[in-house]
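Only one structure is covered here, and it is reproduced in the block below.
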Amino acid sequence: MIEIEGLCKRFTVRERTSAFALKASTRIVTAVDNVSFNAKDGEVTGLLGPNGAGKTTTLRMLSTLLSPDAGSARIDGADLVSERAKVRQRLGVLGDAKGLYWRLTARENINYFGRLQGLSLPDSERRTRVLIDELGLHDLADRPTQGYSQGERMKVAIARALVHNPQTVLLDEPTNGLDIMSTRSMRELIRGLKAQGKCVLFSSHIMQEVAALCDRIVIINKGRAVFSGTPQEVLATTGLDSLEDAFVKLIGSEEGLFA
Amino acid sequence: MSAFSLTRLSIVARKEIVDLLRDRKSIFLALFGVAISGPLVVCLLYFVAQSIQGRIEKITAPIVNAQFAPDLVRYLERRGIKVEADPPDYEARVKNGELDVALVVEPNFAEALASGRQATITLVTLSSRERSAPIAGRLTGEVRGYATMIGNERMILRGIAPAVARPVQLEELDLSSVEQRSARFLQMMSFYALFAGLMGAIAAALDVTAGERERQTMEPLLTTPVAVAELALGKWLAVALVNLLAVTASMLGFLIALKLVPLGKLGLPFNFGAREFTGFMAVLIPFAFMVPGVLLAFGAAGKTAKEAQSSLTLAVSLVGLLPLISWLRQTKAPWWDVWVPVNGQFAVLSKVLRAEAILPLEWAAMWAVPALICLVALIAFARRLGDEKMLAGR
C-alpha cells in the first residue's frame with residue numbers, strides 16, 4: 001500500500017551556456033511537482049509518462065534514495081522520512097540502476113541482498129533457491145554474472161529485489177531492453193505478484209504494457225500527475241477509444257520526443 | 001531495527017573481500033608488483049655497490065705528460081693502479097664521461113721536483129658527475145700520498161721529523177658506523193615499504209568506490225536497510241585487509257632477497273632480520289589501514305567512475321609526495337617531523353634500519369596520526385556514500 005501526498009522534488013542544475021563558457025549558471029528544475037496518488041495491495045499501478053516526466057524521481061523518492069522537498073508518502077503506513085528503515089524493509093526495489101556484481105554468481109548476488117535485508121543465512125539461502133527456481137536461473141546460478149544476457153541480468157536483479165518477500169514492489173521500467181520472451185515472463189511475474197496480494201507500482205512509457213497489466217494508471221507529465229484512474233476511466237474522460245490517443249491528449253502534446 | 005549492526009558490517013566486509021579477491025588479474029598484479037619491487041631494489045643496490053667497488057679497485061689513471069713523472073707512475077703502479085700514458089683529447093672525453101678523470105703533469109714537473117720548487121699536477125674531473133667522484137677521490141688520495149712520501153723523505157734527509165711540518169694532524173672519525181652507512185642504502189627500502197602500503201590499496205579502493213558506481217550497484221544497495229556507516233566501514237576493512245596482504249608480501253620479499261643476495265661480501269652488513277621485520281610491521285600496519293581510508297574518501301567523490309578515478313589519483317600523488325620532505329631536507333629533522341603522515345613513517349622506518357632506539361612518543365605518532373586521519377577520512381567517505389547529490393540528476 002502506497003499513499004502519496006503532494007510529493008515535490010527540486011534539483012539545482014549547474015549548466016554552461018556553451019562548452020567554452022567559463023561561468024556556469026544554476027537553474028532550479030522541478031522534477032516532481034505536487035504529485036499525489038495511492039497504490040493498493042493486490043493491484044498493479046502503472047506510472048505512465050514521457051521521458052523526463054519525473055517517473056524515476058518519484059520512484060527514487062519512494063525507495064528512500066532521495067528525500068522529498070515537500071509532501072509526504074507512506075508505505076504500508078510507515079512514513080517515508082521518519083521511518084526510513086521500516087520502509088526499506090517493506091519495499092522491494094528494481095530501480096533505474098540495475099547493476100550486478102560481475103564477479104559474484106547470481107546466487108551470491110541474491111544472497112548478499114537477502115543478508116542485508118536482515119534474513120538469517122539459512123533463510124536467505126532458502127529464499128535465493130526458491131527465486132532461482134521460479135525465475136528459471138538454475139543452469140547459470142553458480143556462474144559469475146559477467147557473461148549473462150540482458151534478460152538473465154534483469155532476472156537476477158528482480159530476484160535480488162524480491163529476496164525478502166516485500167509487500168510493496170517498485171519497478172522502474174522493468175521491460176526496458178528486454179526481448180519479447182523476457183518481456184512476457186516479466187509480465188507473468190508481475191501478475192504473479194498481484195495474485196499474491198502485493199502492491200506493485202511500475203513505471204513505463206509503453207502504452208500496450210500498461211494497458212495489458214494495470215488496474216490503475218497514473219499519468220505523469222512535466223512533474224505533475226495529470227490523471228489517475230482505471231484504463232476505462234482514461235478512455236471515458238478523454239472520449240477517445242484508443243489508450244494511446246488518450247495518453248497523448250492527456251499530456252497535451254503531440255510533440256513527444258521533441259517536446 | 002538497530003541503526004548500526006555489526007552483523008551487516010561483517011556481511012558487507014566479507015562480500016567485498018570475496019569480490020576483490022576474485023578479481024585475480026588485478027590482485028595478482030598488485031601483490032606481485034609490490035612483492036617483486038622490494039627484492040628488485042635490493043638486487044639493483046647490490047649490483048651498484050659491486051660495480052662501484054670494482055671500479056675503485058680496478059682503476060686506470062690517464063696521465064698527460066706521464067714521461068715527465070716516471071716516479072709517480074711507478075708509485076701508482078705499485079699501488080695497483082694502471083697508468084694510461086697521454087690520453088688523446090682528454091678534456092673532451094672527461095666532459096662526455098668516457099674518462100672519469102685525467103691527471104695532467106706540467107712539462108717542467110721533473111725539473112721543479114728536482115730543484116725543490118713546487119711541482120704541479122692538475123686533476124681534471126667533472127664534479128657534477130656522481131659516478132666519477134669515488135675515482136677522483138681515490139686518485140687525489142694517491143697523489144697526496146705520493147707527495148707526502150717525498151716530503152717526509154726530504155725532511156728525514158735534513159734531519160727533521162716529519163711531524164714538525166705538520167703541527168696539526170687532522171684525524172677523521174666517521175660517526176656513521178658501518179651499520180649506519182649501509183642503512184643509507186636501505187632508506188630506499190623504507191621508501192619501497194611505504195610504496196607497498198600505497199599500491200596495495202589503489203586497485204581495491206577504486207573497485208569498491210568507482211567500480212560500484214560504474215556497475216550501477218550503489219543504488220540497489222542503498223535501498224536495503226544497510227546503513228552508510230556499515231557500508232563505509234565494511235568496504236574500508238576489506239580494502240585494508242587486501243592492502244595488509246600486499247605489505248606483508250613486500251616485507252617477506254625483502255626478507256628473502258636480503259638472505260639470498262651476498263651483500264656481506266661487499267662490506268655492507270645489511271641487517272633485515274626478525275627485529276627489523278617486526279619494527280617495520282609495527283609501523284606499516286597502522287599505515288596500511290590509514291591509506292585505504294584516505295583513498296576511499298577521495299574515490300567516493302564524483303558521480304562517475306571517471307571522476308572518482310581522477311580524484312583518487314590526486315590522493316595517490318599527495319601520499320607519494322610527502323616523504324620527499326625528509327628525502328630532500330639537508331638539516332636535522334624538527335620535532336614535528338614524525339607527526340607528518342607518510343613522512344613520519346619514512347623517518348621511523350629509517351630509524352628501525354639504522355638500529356636506533358625509537359622513542360615511545362614516536363611510536364605514539366605512528367599509531368595516533370593514522371588513527372586520526374583514518375577517522376576523519378571514514379566520516380567523509382560515509383557522508384559521500386550517502387549523499388543523494390551523487391545519485392540525483394545524473
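The values are calculated or read from the model by the stated rules, or taken from the named source; none is laboratory data. The structure presented is a predicted model; accordingly, all values stated were derived computationally and were not measured. Note that we place each Cβ from the backbone using ideal geometry, even for glycine, and neighbour counts take in every protein chain shown. Remember, those area values only see protein heavy atoms, side chains included, never the ligands or the DNA or RNA. Shrake-Rupley method; radii C 1.70, N 1.55, O 1.52, S 1.80 Å.
Numbers for the structure displayed
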| quantity | calculated |
| --- | --- |
| Debye log10 I(q)/I(0) at q = 0.07, 0.10 Å⁻¹ for the protein assembly as shown, Cα point scatterers | -0.65, -0.98 |
| Relative contact order %, chain B, counting alpha carbon pairs below 8 Å whose residues are six or more apart | 21 |
| Relative contact order of segment A:163-249, pairs being alpha-carbon contacts under 8 Å that are 6 or more residues apart, as % | 21 |
| Accessible area of residue B:351 in the full protein assembly, 1.4 Å probe (Å², nearest 10) | 40 |
| Segment A:85-196, relative contact order in percent, only Cα pairs under 8 angstrom and at least six apart counted | 40 |
| Chains B and A together, accessible area buried on both sides, 1.4 angstrom probe, square angstrom | 2900 |
| Reduction of at least 10 Å² in accessible surface, 1.4 Å probe, comparing all protein chains with the chain by itself, residues of segment A:115-154 | A:115, A:116, A:117 |
| Against the rule of thumb 2.2 N^0.38 Å, how large the Cα Rg of segment A:66-117 comes out | 1.43 |
| Net dipole in debye of segment B:1-154 [+1 Lys, Arg Cβ; -1 Asp, Glu Cβ; about Cα centre; nearest 20] | 980 |
| Accessible-area composition of chain B, carbon plus sulfur, in percent [1.4 Å probe] | 65 |
| Value at 222 nm in deg cm²/dmol, rounded to 500, when DSSP H runs of n ≥ 4 in chain B each add -39,500 (n - 2.57) | -22000 deg cm²/dmol |
| Accessible area of chain A belonging to carbon and sulfur atoms, whole % at 1.4 Å probe | 48 |
| Which of B:374, B:43 is most accessible, then next, and so on - probe 1.4 Å | B:43, B:374 |
| Segment B:25-64, accessible area per residue, ligands and nucleic acids excluded (1.4 Å, Å²) | 54 |
| Full-extension gain in nm, residue A:81 to residue A:242, via 0.36 nm per residue minus C-alpha separation | 54.0 nm |
| Most fluctuating residue given options A:11, A:37, A:247, as computed from a GNM of chain A linking Cα atoms under 10 Å | A:11 |
| GNM result for chain B, Cα springs below 10 Å: residue of B:348, B:94, B:261 fluctuating most strongly | B:94 |
| Helix-only [θ]222 nm of chain A, DSSP H runs n ≥ 4, -39500 (n - 2.57) each, per residue, nearest 500 | -10500 deg cm²/dmol |
| Max mean-square fluctuation residue, GNM over chain B, Cα-Cα springs under 10 Å, options B:27, B:202, B:121 | B:121 |
| Beta bridge orientation in the protein assembly as shown: antiparallel %, DSSP, nearest 5 | 55 |
| Complex-versus-alone comparison for segment A:57-89, residues with a loss of 20 Å² or more in accessible area, probe 1.4 Å | A:60, A:65, A:66, A:85, A:88, A:89 |
| Binned Cα-Cα distance frequencies in chain B - 10 Å width, integer % | 4, 18, 21, 17, 14, 11, 8, 5, 3, 1, 0 |
| Gyration tensor verdict on segment B:1-114 (Cα atoms; rounded if a/c is under 1.5, prolate if a/b is larger than b/c, oblate otherwise) | prolate |
| Over 24 Å (Cα to Cα) - which of A:194/B:389; B:235/B:389; A:222/B:389 fall in this group | A:194/B:389 |
| Accessible area of segment B:236-375 divided out per residue, in Å², using a probe of 1.4 angstrom | 45 |
| Global form of segment A:112-154, assessed from the alpha-carbon gyration tensor, a/c cut-off 1.5 | prolate |
| Segment B:42-101-segment A:1-58 distance, computed between alpha-carbon centres (Å) | 81 |
| At least 15 Å along the helix axis (C-alpha) and Kyte average at least -1.0, DSSP helices within chain B | B:6-22, B:24-57, B:133-157, B:178-208, B:228-260, B:274-299, B:305-321, B:343-353, B:360-386 |
| Translational diffusion of segment B:300-365, µm² s⁻¹ [Kirkwood Rh, Cα pairs; Stokes-Einstein; 10 °C; 1.306 mPa s] | 116 |
| GluC sites (Glu not before Pro) within segment B:273-376, DSSP loop, no more than 14 other Cβ atoms inside 10 Å | B:356 |
| Mean projected area in nm² (Cα convex hull; one quarter of hull surface) for segment A:1-130 | 11.4 |
| Convex hull (Cα only) mean projected area of chain A, reported in nm² to one decimal | 15.8 |
| Residue-normalised accessible area of segment B:82-175, expressed per residue, 1.4 Å probe, Å² | 69 |
| Gap separating the Cα centres of segment B:106-127 and segment B:199-219, nearest whole Å | 71 |
